[in-house]
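S.K.: Here it is, the structure, as structure tokens.
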Amino acid sequence: MKIKFDIKVMSGKNKKAINTAIVKKWNIALIRSTVNIEAILKSALISEPSFGIKPFTQTELWQFLMQPETLAELGFISLKPLTEDLLDSILQTIFVKTTRGTKRRMIINIFDMQYIANATIHRSEGTGQLGPVSWFVDWIIKGVPVTDYYFKETGPPVPRSSRLAGDKAGLMIKGGLWQFPPQFRDAVDNWLEDNQRPIKKLVESTIRFQIGRV
């Protein structure tokens, strides 16, 4: 977003003073806008749609993660890996700040894949053959396979995941190869791209409002 003024027929001193006043007003409006924009983004991008922004919890990817079949193969015994690990890590990577300097710029950060990968290490890491793997980034997004194992649907009561997955619960059995098809490889990029326009409108309207108050 830019504000451009064409100042003509004016002495150099007055022109400089007006330019300085405009930049100062812009900087104040930008600083005031960051708090409001960040608060809206943290809510709208996670679960509460506003300004046309699509929450992560309304994507096909999230719906896939919530399916009993998916929960069973991930071996989840609660929804905490989804809510506390995934959603909370996405929330932590959403921030808005302004740069320093004479003419400030606004920086919006929404999704840090490496941070989220570290936050979604499977909670059963270190048990059996399971190493420090991100169930979200490695298994869901990248479709990284697990060799020498396959998933066998057994239903309750043996699998601990049966409390969530019910009849879709099962066990990992030695032999073969298991993986989630990498159908969601571009899901995060698509979600962010879909939200570019409404986020831009949010930023523009918020800054305009603050400029009017300076």
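S.K.: Percent relative contact order of the chain, based on C-alpha pairs within less than 8 angstrom and at least six residues apart? Could the numbers behind the result be given before it?
M.R.: Values: 284 pairs, mean separation 52.1, N = 214.
It rounds to 24 percent for the chain.
S.K.: Over 24 Å between C-alpha atoms is what I'm after, so list which of Lys42/Lys80; Lys16/Lys200; Lys97/Lys200; Lys16/Lys201 land there.
M.R.: On the way: Lys42/Lys80 19 Å; Lys16/Lys200 30 Å; Lys97/Lys200 15 Å; Lys16/Lys201 31 Å.
In this structure, Lys16/Lys200; Lys16/Lys201 exceed 24 Å between Cα atoms.
S.K.: Another question, then. Under 15 Å from a label point 7 Å along Cα→Cβ of Met113: give me every residue in segment 138-153 with its amide N that close.
M.R.: 138-144
S.K.: Mind ordering 131-140, 93-102, 79-88 by average Cβ neighbours within 10 Å, highest first?
M.R.: Values: 131-140: 19.9, 93-102: 13.3, 79-88: 16.8.
Output ranking for 131-140, 93-102, 79-88: 131-140, 79-88, 93-102.
S.K.: Let me ask another. Taking 0.36 nm per residue of separation and subtracting the Cα-Cα distance, what length does fully extending Asp189 through Thr127 add?
M.R.: Numbers: separation 62, 0.36 × 62 = 22.32 nm, distance 3.25 nm.
Here the segment from Asp189 to Thr127 would lengthen by 19.1 nm.
S.K.: Which far-off residues, 5 or more places away or on another chain, put their amide H under 5 Å from the one on Leu130, with H placed in the peptide plane?
M.R.: none
S.K.: Set the Förster radius R0 to 30 Å, insert the Cβ-Cβ distance between Tyr150 and Gln63 as r into 1/(1 + (r/R0)^6), and round the FRET efficiency to 0.05. Don't skip to the end; give the middle numbers.
M.R.: Values: r = 25 Å, r/R0 = 0.82.
Plugging the Cβ-Cβ distance into 1/(1 + (r/R0)^6) gives 0.75.
S.K.: Sticking with this structure for a sec: At a Förster distance of 25 Å, what's the computed FRET efficiency of Asn19 paired with Arg213, Cβ-Cβ distance as r, to 0.05? Don't skip to the answer; put the middle values down first.
M.R.: On the way: r = 21 Å, r/R0 = 0.84.
Calculated value: 0.75.
S.K.: In addition: Can you tell me the orientation of helix 12-44 relative to the chain, as the angle in degrees between its alpha-carbon axis and the longest Cα principal axis, to the nearest 10?
M.R.: With rounding to tens, the tilt is 20 degrees.
S.K.: For segment 29-149, what does the relative contact order come out to in percent, with C-alpha contacts under 8 Å and a separation of six or more?
M.R.: Relative contact order comes out at 20 percent.
A short reminder: the numbers here are calculations on the coordinates, not readings from a lab. All figures in this text were calculated on a predicted structure; none of them were measured in a lab. All Cβ positions, even for glycine, are placed from backbone atoms using ideal geometry, and neighbour counts span all protein chains on display.
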